Amino acid sequence: MIENAETLVKQINHGVYVIGVGVGERQNAFTAAWVMQVSFDPLLLAISINPEHYSYQLMKESGVCTVNVLGREQYALAEHFGRSAPDKMAGFQWQQAETGAPVLSESLAYFDCQVSHYTDAGDHKIAVCKVVAAATLNQGRPLLYSQTGDMDGSSELYG
Ligand SMILES: Cc1cc2nc3c(=O)[nH]c(=O)nc-3n(C[C@H](O)[C@H](O)[C@H](O)COP(=O)(O)O)c2cc1C
């Protein structure tokens, strides 16, 4: 039994990202904190994704995604993309990355990725992604996962 797991894990630092998935008509975006660099060359990022998310289907289908870095003032964006809703992308400005995946124009920076492979990780899947392009879009300091409190409702999810 691990007491206060939800508080303790917030001491492991993460940023907060909007992951853009899919191409063409079938696109979506969701908030993720469990994102990390896992290789220099090739430059690889690992994204931990719940396979029950609609976004997971689109990621599997398209094999591409973007990682969009949220800034300190973009708390409301993290909340918006952290919930399932129809037409979640409407009302925001998107660009198309080289892979065809959506880039959130108001993010601080983006990484355009091709999914290389998936690995099982308990109740999540790890998508190991090769970065094929990346750029800074806006200046600012990144939002931290520890600043989002229980926005993701994770305090209920520990065994
Ligand atoms: C701050 C925050 C961090 C989150 N981190 C992750 C994450 O790392 N991986 C994940 O699969 N879901 C994460 N979520 C949950 C998803 O964003 C949420 O379930 C979303 O509804 C999934 O989108 P979809 O249902 O449109 O596919 C996080 C949510 C929030 C608010």
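The values are calculated or read from the model by the stated rules, or taken from the named source; none is laboratory data. In this text, all values refer to a predicted model and were calculated from it rather than measured experimentally. All Cβ positions, glycine included, derive from the backbone under ideal geometry; neighbour counts span all protein chains shown. Just the protein is used for accessible areas: all its heavy atoms, side chains included, with ligands, DNA and RNA removed. Shrake-Rupley method; radii C 1.70, N 1.55, O 1.52, S 1.80 Å.
Taking Cβ atoms as reference points and 11 Å as the exclusive limit, the residues near residue 95 contribute a net charge of -3, counting Lys and Arg as +1 and Asp and Glu as -1.
The residues of the chain expose, per residue, 56 Å² of accessible area to a 1.4 Å probe.
At a Cβ-Cβ separation cutoff of 4.7 angstrom, cysteine residues of the chain with no neighbouring cysteine are 65. The magnitude of the dipole of the chain, with charges of +1 and -1 set on the Cβ of Lys/Arg and Asp/Glu and taken from the Cα centre, is near 300 debye. Atom-type composition of the exposed protein surface of the chain places 50 percent of the accessible area on carbon and sulfur (1.4 angstrom probe). The stretch 1-92: percent of C-alpha pairs farther apart than 22 Å? Of the Cα pairs, 34 percent sit more than 22 Å apart. Between residue 123 and residue 147, the distance separating the two model label sites (each 7 Å from Cα on the Cα→Cβ line) works out to 2.7 nm.
Figure note: 87, 112 ranked by solvent-accessible area, largest first, 1.4 Å probe, ligands and nucleic acids not counted: 87, 112. With Cα atoms defining each centre, the stretch 1-58 and the stretch 124-147 are spaced 9 Å apart in the structure. Over all distinct Cα-Cα pairs of the chain, the Kirkwood formula returns a hydrodynamic radius of 15.8 Å. The amide H of residue 137, built 1.01 Å from its N in the peptide plane, has 109, 110 as neighbours under 5 Å, considering only residues 5 or more places off or on other chains.
Only Cα sites of the stretch 97-138 enter the Debye sum here, all with the same form factor; the resulting log10 I(q)/I(0) across q = 0.23, 0.24, 0.32, 0.35 1/Å is -0.79, -0.82, -1.04, -1.14, listed in q order. Since only 107, 80, 14 are under comparison, the one whose Cα sits farthest along the positive direction of the charge dipole of the chain, derived from C-beta charges on Lys, Arg, Asp and Glu, is 107.
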